[in-house]
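Here is the structure we will look at.
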Amino acid sequence: MSYQDPTRLDSGITTGTAQSVAAPNSLLNINGVTLQYKTPEHLVTATYRVTFDIHTGDRFVLLGPSGCGKSTLLKSIAGFMPPVEGDIELKGRKVKRPGPDRAMVFQEFDQLLPWKTVRENVAFPLKVNGVSKDEADQRAMQMIEKVNLTKFLDVYPHMLSGGMKQRVAIARAMAMRPDVLLMDEPYAALDALTRRKMQDELLSLWEDLRFTLVFVTHSIEEAVLIGTRILVLSPHPGQVRAEINTHQFDSRNADSPEFAATCARIRGMLFGDAETAH
Amino acid sequence: MAQNTATADNFDTVIRAEYERTDIGDAKLEDVQRKLPLSETLWNSSAFRKTLILLALAIIWQIYGVWLDNPMIFPTLTDTLGALWANIVNGTIPTRLIATLKVLVVGYVIGVILATIFTTIAVSSRIGTDLLSTLTAMFNPLPAIALLPLALLWFGLGTPSLVFVIVNSVLWAVALNMHTGFLTVSDTMRMAGQTFGLRGMRYVVQLLIPAAFPAILAGLKIGWAFAWRTLIAAELVFGVSSGQGGLGWFIFENRNLLDTPAVFAGLLTVMSVGLFVEGVIFRFIENRTVRKWGMQRG
């Protein structure tokens with residue numbers, strides 16, 4: 001396996017000045033992060049000296065095949081896993097443990113609390129963090145309205161479909177008004193039609209609220225559609241392969257040849273790599 | 001050869017016409033949903049089926065009792081109900097029942113509180129987990145009633161001995177189930193709770209306990225059944241405490257008087273209380289919690 005310096009492969013739209021040191025709108029800095037975890041028999045290195053910056057308002061996608069450590073990286077940003085080397089800084093402060101400033105949406109549907117209704121689920125983290133009951137309920141209502149679930153306010157999660165559960169999870173995360181929204185393959189367990197609808201909804205929610213998003217996926221199409229910038233990771237261990245700008249794509253031009261060309265280019269990076277490695 | 005075997009290239013692909021319907025939605029709605037006949041609806045109700053079984057058992061009991069014609073060995077259903085009624089009206093069974101339930105509630109509540117403390121210690125450290133699993137492995141197989149002689153020695157004849165034995169019957173069963181319940185809470189739910197900033201006791205109370213509630217409820221039910229059985233048995237052994245025995249003592253007393261219908265009436269009361277707690281109280285809690293939350297079916 002050959003080790004290369006991380007190269008910035010900017011698309012023609014912006015000139016390649018993205019790696020300016022400590023840009024003013026830089027929100028989340030991942031500096032030379034190496035992550036390791038233990039299985040009963042092995043010490044596994046999930047990522048090796050990964051460096052990248054996320055700016056305010058980015059829809060930043062971590063993309064890579066399974067085994068590239070992208071989910072582990074996201075969990076580390078969330079504060080569940082301290083890096084063995086390097087550090088993660090949010091607004092210049094080191095991330096040490098999970099907290100409400102980094103809301104997370106998981107792939108699994110059981111992230112919702114089954115003993116709480118939709119409204120209670122969304123309001124719960126706010127109440128935990130000392131927001132008054134009235135304000136928490138009001139903020140919950142607003143977010144539930146934004147994800148079009150007002151009709152299901154007092155329904156328990158087990159009565160919702162998978163897509164609806166993910167919408168509640170997004171509403172719950174956004175109601176916390178986090179600095180960054182972390183999403184770990186949130187649509188991987190949905191059927192293709194629902195997934196597409198959810199992707200569009202996420203984009204229009206972003207148009208509305210302009211939050212910062214870190215999104216993990218292994219689907220190249222999803223990455224290009226959702227992301228404004230994509231970090232491509234190579235597997236075993238995860239290392240930065242490229243960073244690509246994709247802010248010019250959304251659901252309106254998802255059928256365009258440029259979209260397909262970008263997907264093909266990323267596919268080349270991922271699979272070209274795999275062919276030379278084996 | 002090749003002409004005899006049906007391979008794909010033997011067939012000409014026939015291009016069939018496409019079509020698109022615009023008239024769907026005209027289906028007659030009464031065909032989509034139809035009411036089941038009454039007999040089937042009744043048979044689908046488990047309460048109805050169980051009532052039938054109870055009726056059948058009552059009839060068999062009555063026939064056997066009449067046929068045997070020996071009320072001292074096996075009284076008829078009507079004799080038993082008569083004795084039950086008489087003892088309820090003269091206040092004997094109600095006072096005995098209340099005496100028993102008082103002891104039970106005290107023991108049960110103490111047992112559940114201790115189980116919660118033990119389990120909280122167990123989930124917060126590895127040595128705590130080992131402590132709980134060792135203790136439950138030791139005490140869970142031990143019938144709590146076996147501790148009664150010791151309890152009598154320590155606490156003397158009376159309520160404290162009974163409470164000690166009940167606490168022992170409840171504590172280990174509930175702690176074991178509660179701990180298992182905590183272990184089955186998914187990583188996703190734990191992580192979700194942590195991203196909200198839940199920590200320490202709030203994490204246990206607001207996340208782990210409700211998430212593990214199906215297992216905890218199962219533990220509470222088992223604990224209840226153990227406690228009830230143990231208490232009746234303990235009362236049979238030494239009965240009178242502070243001049244007024246419980247239901248077990250009522251059964252023992254009437255056996256000594258050879259009043260078999262009253263013995264049966266006592267047993268029937270023990271069963272009825274068991275059924276009531278299972279079928280009404282726990283059922284009510286289940287309906288309000290795990291069933292409503294979709295964590296348990298049926």
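Points to keep in mind about this one:
- Computing Rg and the Kirkwood Rh from the Cα coordinates of the range B:14-107 gives a ratio, Rg/Rh, of 1.47.
- Averaging the sequence gap over all C-alpha pairs within less than 8 Å and six or more residues apart, then dividing by the number of residues, gives the range B:100-288 a relative contact order of 23 percent.
- Rounded to 0.05, the FRET efficiency of the B:Y19 and A:T194 pair, given R0 = 35 Å and the Cβ-Cβ distance, is 0.80.
- Inter-probe distance in nm under a simple model that places probes 7 Å from Cα toward Cβ, at B:V205 and A:Q138: 2.7 nm
- Using the Cβ-Cβ distance between A:Y37 and B:S46 with R0 = 51 Å, the FRET efficiency computed as 1/(1 + (r/R0)^6) comes to roughly 0.60.
- With both residues required to sit in the protein assembly as shown, DSSP beta bridges show an antiparallel share near 55%.
- Most tightly packed first, judged by the mean number of other beta-carbon atoms within 10 Å of their residues, the peptides B:11-24, A:135-148 read A:135-148, B:11-24.
- Loop-resident trypsin sites (Lys or Arg not before Pro) (DSSP state other than H, G, I, E or B) in the range A:190-278 with no more than 11 further Cβ atoms inside 10 Å of their Cβ: A:R210.
- Ratio of the Cα radius of gyration of the range A:213-257 to 2.2 N^0.38 Å, where N counts its residues: 1.21
- The angle between the Cα long axis of helix A:162-175 and the main principal axis of chain A comes to about 90°, on a 0 to 90 degree scale.
- Here the mean projected area of the convex hull built on the C-alpha positions of the range A:179-278 is 7.1 nm².
- Computed FRET value (nearest 0.05) for A:L209 with A:Q248, which takes r as the C-beta separation and R₀ as 25 Å: 0.75
- Relative to the dominant Cα principal axis of chain A, helix A:133-146 is inclined by about 60°.
- Ranked by how many other beta carbons lie within 10 Å on average, peptides A:180-189, B:288-297 from highest: A:180-189, B:288-297
- Legend: mean number of C-beta atoms from other chains within 10 angstrom of residue C-beta atoms, peptide A:118-125, equals 2.
- Between helix A:192-209 and chain A there is an angle of about 80 degrees, using the helix long axis and the longest principal axis of the Cα atoms.
- The mean count of C-beta atoms from other chains within 10 Å of the C-beta of residues in B:283-295, rounded to a whole number, is 2.
- Taking Cα centre as origin and charging only the Cβ of basic (Lys, Arg, +1) and acidic (Asp, Glu, -1) residues, the dipole magnitude of chain A rounds to 600 debye.
- Shielding score for B:43-50, defined as the mean number of other chain Cβ atoms within 10 Å: 0
- Computed magnitude of the charge dipole of the range B:100-288 (debye, nearest 20; Cβ of K, R +1, Cβ of D, E -1): 480 debye
- Furthest towards positive pole of dipole, B:L171, B:I98, B:A115, structure part the protein assembly as shown, Cβ charges: B:I98
- Rg/Rh (Cα only; Kirkwood hydrodynamic radius) as it applies to the range A:85-191: 1.00
- Positive-end residue, the protein assembly as shown charge dipole about Cα centroid, Cβ charges, pick of B:S46, A:L62, B:G197: B:G197
- Take the Kirkwood radius over Cα pairs of the range A:114-177, plug it into Stokes-Einstein at 4 °C and 1.567 mPa s, and you get 116 µm²/s for translational diffusion.
- Kirkwood hydrodynamic radius (C-alpha pairs) into Stokes-Einstein, chain B, 25 °C and 0.890 mPa s, D in µm²/s: 101 µm²/s
- Helical contribution to [θ] at 222 nm, DSSP H n ≥ 4, -39,500 (n - 2.57), averaged over chain B, rounded to 500: -21500 deg cm²/dmol
- Modelled label positions at B:F11 and A:R265, each set 7 Å beyond Cα in the direction of Cβ, lie 4.4 nm from each other.
- Gain on full extension, evaluated as 0.36 nm per residue between B:A86 and B:A225 minus their Cα-Cα distance, stands at 47.3 nm.
- Chain A: relative contact order as a whole-number percent, Cα under 8 Å and 6+ apart: 26 percent
- The alpha-carbon positions of chain A define a convex hull whose volume is 146 Å³ per residue.
- Kirkwood analysis of the Cα pair distances in the range B:133-228 returns a hydrodynamic radius of 14.9 Å.
- Net length gained if the chain between B:M271 and B:I121 were fully extended (0.36 nm per residue, minus Cα distance): 50.4 nm
- Net dipole in debye of the range A:114-177 [+1 Lys, Arg Cβ; -1 Asp, Glu Cβ; about Cα centre; nearest 20]: 180 debye
- Distant alpha-carbon pairs in the protein assembly as shown (separation over 39 angstrom), percent: 51 percent
- Above-threshold pairs, the threshold being 32 Å between Cα atoms, out of A:K133/B:K221; A:K133/B:K292; A:K75/A:K116: A:K133/B:K221
- DSSP bridge orientation in chain A - percent antiparallel, rounded to nearest 5: 55 percent
All of the numbers you see were taken from the coordinates with simple rules; none came from a lab. Predicted model only: the values in this text are computed from it and were never measured. Methodologically, a virtual Cβ is constructed for each residue, glycine included, from the backbone with ideal geometry; neighbour enumeration extends over all protein chains shown.
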